[in-house]
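Take a look at the structure below.
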Amino acid sequence: MDWTAIKEYLPLYREALLLTMKIGWIGILLAFLLGLLCAAILHFHTPILRGIVKIYIELFRNTPLLVQLFFIYFGLPKIGVRITAQTCGILGLGLLGGAYMAETFRSGLESVEKIQTESALSLGMSPLQTFRYVIQPQAVALSVPGFMANVIFLLKETSVFSAISLMDLMFTAKDLIGLYYKTTECLFLLVIFYLIMLLPVSLLGSVVERRMRHAGFGD
């Protein structure tokens, strides 16, 4: 192991980590909002919108992120829509994640017992108030384990961003290996920096899930 090379490459990996996390977390935020919206549409059984949401979920859950990125980055310019590589990464991750988040939140909504909805309505609450103050808080709490699993999954999916020439962690590792043939050192740093990015999220997810379980959710 060439520790001198590792020390030399550290700044490049640090920059790549910051870019990867920036795109990853913005994409996850987009996925979270999109997932909540789609889950709400599925919950309220709006006929036309429900059909559109189902098609969207099946399309993005059953195609690889790499294919989606290629379509967005290389396909859309053919019809005059040009976006940057970073925007493409955020959009691709957000759309993929939104499909998974929607199913996670939908499952959480369906886990709330119907008697609670009936009780809230019988007390004079409107359907919107019932959803906002009774159903949604419980559904979000029940969805936490699945949500955290999706966050980790999406952060790992950022490894394909190198295919659209984004200087993420994977692109940096492959570029340095091609230039200097320090395969062991580059892969060692790649593993370390992915752990730096993912391990805190995994530990946080375990803590939150445990607290939710102690608070009485998910039983």
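Of the residues in segment 147-159, not one is over 20 Å from R61 (Cβ atoms) and either basic (K, R) or at pLDDT 80 or above (or both). The helices (runs of 4 or more DSSP H) found entirely in segment 1-114 that carry 1 or more residues being among the polar types (S, T, N, Q), surrounded by 12 or more Cβ atoms within 10 Å (Cβ to Cβ) and modelled with pLDDT under 90 are 85-111. Selection of first residues in segment 53-66 that are within 18 Å of G89 (Cα to Cα) and touching a residue at least 12 places away in the same chain (Cβ under 8 Å) and of second residues that are of a type in the set (F, W, Y) and crowded, with 16+ Cβ neighbours inside 10 Å, restricted to Cβ pairs under 7 Å at least 6 apart or on distinct chains, gives the following pairs, ordered by first then second residue: R61/Y100. Just to verify a result, which residue in segment 175-191, among those that are touching a residue at least 12 places away in the same chain (Cβ under 8 Å) and surrounded by 15 or more Cβ atoms within 10 Å (Cβ to Cβ), is nearest to S159 (Cα to Cα)? That would be L190. Tell me, please, whether a residue that is in contact (Cβ under 8 Å) with a residue 40 or more places away in the chain, buried (at least 19 other Cβ atoms within 10 Å of the Cβ) and farther than 17 Å from G89 by Cβ can be found in segment 155-164. Looking for residues that are in contact (Cβ under 8 Å) with a residue 40 or more places away in the chain, buried (at least 19 other Cβ atoms within 10 Å of the Cβ) and farther than 17 Å from G89 by Cβ, one finds none in segment 155-164, hence no.
The values are calculated or read from the model by the stated rules, or taken from the named source; none is laboratory data. What you are looking at is a predicted structure, and each value in this text was computed from that prediction instead of being measured. Ideal geometry is used to build each Cβ from the backbone, glycine not excepted, and the neighbour counts take in all protein chains shown.
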